[in-house]
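Visitor: My questions will all concern the structure given below.
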Amino acid sequence: RSNVEVTTVTGAEIAIPVGKLRSISRYGPRVTPLSDLEPVDVVMTSYLSRETPMQPDRNAYHGPLTVKGKTFAKGLGMSSRTTATYALDGGYSSFRADVGIDDAAGGAGSVVFAVEVDGQRVFESGLITGRDNPLSVGPIDVRRAETIALSVDYGTQGDIGDMADWCNPVLIRGERLKAED
């Protein structure tokens, strides 16, 4: 087939040429892309004097989020050293993402990705370079959590080529836990 045919929730039928299709993501009511939320705090510590603000749904330099040839529609582009903290409403059960160095870095870059839940480090990637494949993060338990913080820290060469991508970072809603759980 030369087209992908879909029906939207409103009943509209759409045919998309396969060559034009970049990705398909289905987010239901239980899934919240983190890039759709506003962080409560973003802290950037530049290596020399250049700050590169975090970008929702783009890499750190405003291009598409692309790791090892795969483009992601949702995510966060950061440079090292950046930490973004998000408030959680207690209704989420888990967090998942894929992480890697954006292809725009041309194989350069080295960072350490980390996740903290309520100030406790629950994930650390170890050194990730621009030559590495994406790494899956999670699922990380966030039940009862007040905050989640995503960090990218310097690797081996300061911030040279540190175009770090959090690809498809999502919070999954589960059933609310009872106080006695």
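Visitor: Give me the extension gain from Arg96 to Arg30: residue separation times 0.36 nm, minus the current Cα-Cα distance, reported in nm with one decimal. Working shown, then result.
Guide: Details: separation 66, 0.36 × 66 = 23.76 nm, distance 1.30 nm.
Extending this stretch completely gives an extra 22.5 nm.
Visitor: Still on this structure: Would you mind calculating the relative contact order of the chain from Cα pairs under 8 angstrom and at least 6 residues apart, reporting the percent as a whole number?
Guide: Details: 458 pairs, mean separation 48.2, N = 181.
Across the chain, relative contact order equals 27 percent.
Visitor: What is the spread of the Cα atoms of segment 74-160 along each of their three principal axes, largest first, in whole Å?
Guide: 39, 21, 20
Visitor: Give a residue-ordered list of calculated ³J(HN,Hα) values for segment 122-127 (Karplus: 6.51 cos²θ - 1.76 cosθ + 1.60, θ = phi - 60°; whole Hz; x for Gly, Pro).
Guide: Those phi angles translate into 10, 8, 9, 6, x, 5 Hz.
Visitor: While we're here: If you find the alpha carbon centre of segment 29-86 and of segment 87-102, how far apart are they in angstrom?
Guide: Between the Cα centres of segment 29-86 and segment 87-102 lies a distance of 13 Å.
Visitor: Probe radius 1.4 Å, ligands and nucleic acids ignored: give me the carbon and sulfur share of the accessible area of the chain as a rounded percent.
Guide: Details: 4880 of 10020 Å².
In the chain, the share of accessible area belonging to carbon and sulfur is 49 percent.
Visitor: Another question, then. Using the heavy atoms of the protein chains alone and a 1.4 angstrom probe, what is the accessible area of segment 18-137 per residue in square angstrom?
Guide: Details: 6290 Å² over 120 residues.
Here the per-residue accessible area is 52 Å².
Visitor: Taking the Cα centre of the chain as origin, sum charge times position over the Cβ atoms of Lys and Arg (+1) and Asp and Glu (-1), and report the length of that vector in debye to the nearest 20. Can you show the working numbers first?
Guide: Details: 19 positive and 24 negative charges, 126 e Å.
That gives a dipole near 600 debye.
Visitor: Still on this structure: For Glu51 and Thr156 in the same chain, what is the full-extension length gain: residue separation times 0.36 nm, less their Cα-Cα distance, in nm? Display every interim value, and only then the final one.
Guide: Numbers: separation 105, 0.36 × 105 = 37.80 nm, distance 1.85 nm.
Gain in length upon complete extension: 36.0 nm.
Visitor: Also, I was wondering about something else. So how far apart, in nm, are the two label points at Glu5 and Ile172 if each is 7 Å from Cα heading toward Cβ?
Guide: Roughly 3.3 nm, to one decimal.
Visitor: For Ile14 and Tyr61 in one chain, what is 0.36 nm times their gap in residues minus the Cα-Cα distance, to one decimal in nm? List each step's numbers first, then the result.
Guide: On the way: separation 47, 0.36 × 47 = 16.92 nm, distance 3.23 nm.
Net length gain for the segment: 13.7 nm.
Visitor: Still on this model: Compute the whole-percent fraction of alpha carbon pairs in the chain spaced more than 21 Å apart.
Guide: Numbers: 8333 of 16290 pairs.
Counting every Cα pair in the chain, those more than 21 Å apart make up 51 percent.
Visitor: If you put +1 on each Lys and Arg Cβ and -1 on each Asp and Glu Cβ, how big is the dipole of segment 81-177 around its Cα centre, in Debye rounded to 20? Don't skip to the end; give the middle numbers.
Guide: Working: 8 positive and 15 negative charges, 61 e Å.
Rounded to the nearest 20 debye, it is 300 debye.
Visitor: Hey, another quick one. What is the percent of Cα-Cα separations in segment 133-172 that go past 11 Å? Intermediate values should be presented prior to the final figure.
Guide: On the way: 586 of 780 pairs.
It works out to 75 percent of all Cα pairs.
The values are calculated or read from the model by the stated rules, or taken from the named source; none is laboratory data. Just so it is clear, the structure is predicted and the values come from calculations on it, not from any experiment. Reconstructed Cβ throughout: ideal geometry from the backbone, glycine too, with neighbour counts over all protein chains shown. Accessible surface is based on the protein model in full, side chains and every heavy atom, while ligands, DNA and RNA are left aside. Shrake-Rupley method; radii C 1.70, N 1.55, O 1.52, S 1.80 Å.
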